[in-house]
Structure formats: structure tokens, C-alpha cells
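**Student:** Have a look at this one before I ask anything.
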Amino acid sequence: MEKPKTVKLTAGDRTFYILVDVFLIFIFIIILIPMWSTVAQSFRPNGYLYSYLEAMFRPWDWKIDAYKALLGNAGFLTAFWNSLKILVFGVVTALFLTVPLSYCMSVQDLPGRKLLNWYVLIPYLFNIGLIPTYLVVTGLGFTDHLASVFIPGAVGTYNCLIMRGFFEGIPESLKESARIDGAAEWYVLISIILPLSKPILMSIGLFYGVNFWNDFMHPLLYIQNSYLQPLPILLRNILLGASMSEVVEATAFGDAPVEAIKAASVFLSAIPMIIAYPFIQKYFTKGTMLGAVKG
């Protein structure tokens, strides 16, 4: 049995791969240093006398007082729970609205298809601004409601275009065979399109999830009730420097050092995305690349 032939790399190819590896290692170090610094600082004990550089390599001095203070504080847990509800309801609502819209935009013989595509694209090119959006949200009575955080961004034009491109890449013969058998369009979407669209659904869901989890402006504008404020607002109060509100928030978490509280709150707020990304990563490249080929 003959061995498969392998392509021999030239000197230029080896040099290119080495440069790429060096570049990626450099990017990894740039990302790792501040992340590790934040984690190490979150374990900072009281009476801390070492520099930031020393703190990164002194694990025997680490304390978990900041994490105990945060996880034992009702305000932090309430804000975390509010952010989690915004994340779940926001992603479900966004996908519920984006999927049928993108599918309609992908149907070639849909009457008014070009008009629909322009109708979706124009707001993406010409943003209406903050004041009209604020008037609409308050006019609908969403003030002091978690829906005010995810409803304004529930349909993203960029996400619609990516999903439309993915739907257009599905063979038309699969849709036509179902239509010939008498299936309605909603049945084609649910029974044929969606089972084949797991990569794009996971990718777009990740886009929406990160956006809703990190959203700061919408809760700042529309939520005044402190019991409904999500995690970004609480983090703002903790991370702000030298303001009275920051001092009040910091002292509300017990005797843990303020710098450790800040670092621990940043790290804890990133945990849900850190946990979710490895499960979605395998769909991410496939979904976005296939969705970007057409459209």
C-alpha cells in the first residue's frame, strides 16, 4: 500500500508559519497578562504591601475575602440574577424575531423581497439616534422593566444579514420538495430549515447574548429601580473612582479591600461568557462563514 504523498514545505512557508505562531503567541500574552493580573488582584488580602507585579506571583498571600463579600451580598446576587434574566429572555426574543425575518428575506420569489431587504438595511445605514428610541421605549411603558434592555436591540440588522446568507445557502430543492408535498412556509422553516441551521443559531445567539450581558446604556437610561438594575450598573458603581457612590458601594461589601472587590466583580461578571463560549465555539466559525458567503 502506497503512503499518501505529503506536500513539502518550502523555506518561505516555514518562515510564514513561524511568524504566524510568534504573532499569535504575542497576542495571547497581551490578553493573558491583564486577565491574570485581574484574577491575582481579586485575591488581594488586607494590609497588602506588595506591588502589582509581585501580587501576580505570590499565591501564598491570596485571600478569598472579596469573593465571599460579593457572593454574600444581596445587591450583587440580585444584579447578577437580573443580568441572567436579561440574557435568557433577550436571546430567546431576539432569535424568535430574527429567524422568521431572515427567512423571509431569503425567499427568492417572495413578493416585495427587495423592499423588505431595503427596509431592514436602511436603519442600519442611517441610525435614528438616541432621542427617538428613548421616546418610543418610554411611550410603550417599558421604563423600569427588564424588557427595556433587550427589546430595543432584539433585531440586529447585521445578524439578520448573516442569517439570511446562511438560509440562502441551503439547497432550494429541500424547500421545494416540502412545498410540493403541500407544506406551508412556516412548516418548511420549522421542520427543514431550523434543523439544518444549528451553527448559525448558536453563532447569532452568542452575538446577542454577549450584547445583552454587557449592555450598559439601556439599563442606565430606562431602569431607575435599584432592585431591577443589572450587573453592568452595579459594576459601574464599584469601578468608578473617587465618587461618593463608589465609596458607598465598596463599603457595602464588608472589609475586603476595594481593589480586590473591583477585580473580583469584573472576573465574576465574565464567568458566564467564559463558560458558554467553549460549547458554542465549534459552531461559531462554520455559522458565520457560511452566512457570509452569500447575501
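**Student:** Could you check residue 82 against (1) of a type outside the set (D, E, K, R); (2) under 23 Å from the mean Cα position of the chain (by Cα); (3) surrounded by 18 or more Cβ atoms within 10 Å (Cβ to Cβ); (4) closer than 30 Å to residue 186 by Cα and say which number it fails?
**Tutor:** The one condition residue 82 does not meet is (4).
**Student:** Are there helices (runs of 4 or more DSSP H) fully within segment 193-242 with at least 3 residues that are open to solvent by less than 50 Å² (accessible area, probe 1.4 Å) and in contact with a Ser or Thr (Cβ under 6 Å, 6 or more places away or on another chain)? List them.
**Tutor:** On the way: elements: 198-214, 217-222, 231-239.
Of the helices (runs of 4 or more DSSP H) lying wholly inside segment 193-242, those with at least 3 residues that are open to solvent by less than 50 Å² (accessible area, probe 1.4 Å) and in contact with a Ser or Thr (Cβ under 6 Å, 6 or more places away or on another chain) span 231-239.
**Student:** Six or more apart or on different chains, Cβ under 8 Å: which pairs go from a residue in segment 97-117 that's farther than 20 Å from residue 190 by Cβ to one that's open to solvent by less than 50 Å² (accessible area, probe 1.4 Å) and not basic (Lys, Arg)? Could you list them?
**Tutor:** If the second residue must be open to solvent by less than 50 Å² (accessible area, probe 1.4 Å) and not basic (Lys, Arg), the pairs left are 113/105; 113/107; 116/105; 117/105.
**Student:** A follow-up question, please. Would you mind stating whether residue 109 is under 17 Å from residue 217 (Cβ atoms), open to solvent by 20 Å² or more (accessible area, probe 1.4 Å), of a type in the set (D, E, K, R) and more than 21 Å from the chain's Cα centre (by Cα)? Show your work before the answer.
**Tutor:** Numbers: under 17 Å from residue 217 (Cβ atoms): no; open to solvent by 20 Å² or more (accessible area, probe 1.4 Å): yes; of a type in the set (D, E, K, R): yes; more than 21 Å from the chain's Cα centre (by Cα): yes.
In short, no.
**Student:** Right, another one. Give all pairs with beta carbons closer than 6 Å in which a residue from segment 177-205 that is over 17 Å from residue 158 (Cα atoms) meets a residue that is open to solvent by less than 30 Å² (accessible area, probe 1.4 Å) and among the small types (Gly, Ala, Ser); count only pairs at least 6 apart in sequence or on separate chains.
**Tutor:** 188/178; 192/178
**Student:** Right, something else. Can you tell me which residue within segment 131-162, out of those that are more than 20 Å from residue 87 (Cα to Cα) and in contact (Cβ under 8 Å) with a residue 40 or more places away in the chain, is most open to solvent (accessible area, probe 1.4 Å)? Break it down into steps so the answer makes sense when it comes.
**Tutor:** Here is the first cut: in segment 131-162, the ones more than 20 Å from residue 87 (Cα to Cα) are 131-136, 138-141, 161-162.
This time we only want the ones that are in contact (Cβ under 8 Å) with a residue 40 or more places away in the chain, so: 134, 138, 161-162.
Details: 134: 93, 138: 46, 161: 48, 162: 17 Å².
Checking each candidate, the answer is 134.
**Student:** Restricted to segment 129-187, and to residues that are of a type in the set (Asp, Glu) and part of a helix (DSSP H, G or I), which residue is modelled with the highest pLDDT? Don't jump to the end; show me each part of the working.
**Tutor:** So in segment 129-187, the residues of a type in the set (Asp, Glu) come out as 144, 168, 172, 176, 181, 185.
Retained after the next criterion (residues that are part of a helix (DSSP H, G or I)): 168, 172, 176, 185.
Numbers: 168: 84, 172: 80, 176: 79, 185: 80.
Selected residue: 168.
**Student:** In segment 208-261, which residues are small (Gly, Ala, Ser) and modelled with pLDDT under 75?
**Tutor:** Filtering segment 208-261 for residues small (Gly, Ala, Ser) gives 209, 226, 241-243, 245, 250, 252, 254, 256, 260.
Correct list: 241, 242, 243, 245, 250, 252, 254, 256.
The values are calculated or read from the model by the stated rules, or taken from the named source; none is laboratory data. All values derive from a computational prediction rather than experimental measurement. Glycine gets a Cβ as well: all are built from the backbone with ideal geometry, and neighbour counts include every protein chain shown. Keep in mind that these areas ignore ligands, DNA and RNA; they rest on the heavy atoms of the full protein, side chains included. Shrake-Rupley method; radii C 1.70, N 1.55, O 1.52, S 1.80 Å.
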